[in-house]
1. Check residue 181 against each of (1) at pLDDT below 95; (2) hydrophobic (A, V, I, L, M, F, W, C); (3) surrounded by fewer than 19 Cβ atoms within 10 Å (Cβ to Cβ) and name the one condition it does not meet.
2. Which of the numbered conditions does residue 152 fail, given that it passes all the others? Conditions: (1) of a type outside the set (Lys, Arg); (2) at negative phi; (3) surrounded by fewer than 23 Cβ atoms within 10 Å (Cβ to Cβ); (4) part of a strand (DSSP E or B).
3. Filter region 86-115 for residues that are part of a loop (DSSP other than H, G, I, E, B) and within 8 Å of the ligand (Cβ to nearest atom) and give the result.
4. For residue 40, indicate whether it is in contact with a Ser or Thr (Cβ under 8 Å, 6 or more places away or on another chain) and at pLDDT 95 or above.
5. Are any residues in region 21-32 within 14 Å of residue 93 (Cα to Cα) and either more than 9 Å from the ligand (Cβ to nearest atom) or touching a Lys or Arg at 6+ places or on another chain (Cβ under 6 Å) (or both), and if so, which ones?
6. Hey, can you tell me all the residues within region 90-111 that are among the aliphatic types (A, V, I, L, M), under 14 Å from the mean Cα position of the chain (by Cα) and over 12 Å from residue 69 (Cβ atoms)?
7. Residues in region 45-67 that are more than 15 Å from the chain's Cα centre (by Cα) and hydrophobic (A, V, I, L, M, F, W, C): how many?
8. Return only the number of the condition from (1) farther than 18 Å from residue 225 by Cβ; (2) of a type outside the set (S, T, N, Q); (3) in contact with a Ser or Thr (Cβ under 6 Å, 6 or more places away or on another chain) that residue 99 does not satisfy.
Amino acid sequence: MTETPTDIPTDIPTEAPAAGFPGSAMWDTRYAAAATSASSVWSLDPNEFVAATLADTTPGTAIDLGCGEGRNALWLAQRGWQVTAVDFSGPGLASGHRRATELGVQIDFVHADATVWRSPRQVDLVLLAYLQLDAAGLAAAIDLSAAALAPGGRLVLVAHDVDNVSHGVGGPQDRSILTTVDALHAAVAAVPEVGASGGGLEIERCEQYLRPIGDGHAVDVVLIARRI
Ligand SMILES: C[S@@+](CC[C@H](N)C(=O)[O-])C[C@H]1O[C@@H](n2cnc3c(N)ncnc32)[C@H](O)[C@@H]1O
């Protein structure tokens, strides 16, 4: 059988139910359409907040939750991080895997739902970039991220802010998958205690972040929190 650019490589472990992940279809269609025209949905460059935040950080182990086509995971791996990149879209992962092969970097891709997937090991960094989940899904992903962090490890999150709909450029317009500074404070405060030390997450930074786009800007919200 001939492999298509959207086939999930056999070395990517999958936790997908037989019928596939409910909710991944929209992403699958977008990534598959891009891949079949030798293009991509997102740029090859890392998100600017991710790059600015992590450029001077000593590489360690990382999880990119909702990695899409892997732009941030690839950037981290090229800088020496050992990255596990998780997404529920098979075509997205297939594109990320193909790019990693082209660039000669090693990434452990996992086909899983970020709201239920549990990392088998603790890491130094969990990255969530524009995961676009509803409040319950985002809270679950943040809880699981806290559990996946080693003490002292960092959660780095960037998302579209609700204010982007009225004051920003581009991005999804469905408010149910956008978030706010207050909602992120509440989600972090609700993280159950994790690990033998019973630690949670301590916020280092949580604020709106204006990302320039053309003559305007997008309104993002960013969170950096450290596992106690
Ligand atoms: C806007 S894209 C961002 C991709 C990537 N983080 C980036 O910044 O380029 C959102 C990604 O989240 C993934 N996603 C959404 N819900 C998910 C879930 N419940 N589990 C795993 N991945 C999910 C989608 O498949 C998509 O690749």
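1. The number of the failed condition is (1).
2. (2)
3. Applying the first criterion (part of a loop (DSSP other than H, G, I, E, B)) to region 86-115 yields 88-89, 104-106, 112-115.
Of everything in region 86-115, those that are part of a loop (DSSP other than H, G, I, E, B) and within 8 Å of the ligand (Cβ to nearest atom) turn out to be 88, 89, 112, 113, 114, 115.
4. On the way: in contact with a Ser or Thr (Cβ under 8 Å, 6 or more places away or on another chain): yes; at pLDDT 95 or above: no.
For residue 40, the condition - in contact with a Ser or Thr (Cβ under 8 Å, 6 or more places away or on another chain) and at pLDDT 95 or above - is not met.
5. Selection gives 25, 29, 32.
6. 110
7. Within region 45-67, residues that are more than 15 Å from the chain's Cα centre (by Cα) and hydrophobic (A, V, I, L, M, F, W, C) number 2.
8. Failing condition for residue 99: (3).
The values are calculated or read from the model by the stated rules, or taken from the named source; none is laboratory data. Here the structure is a predicted model, which means the values were calculated and not measured. Here the Cβ is made from the backbone with ideal geometry for all residues, glycine too, and neighbour counts use every protein chain on show.
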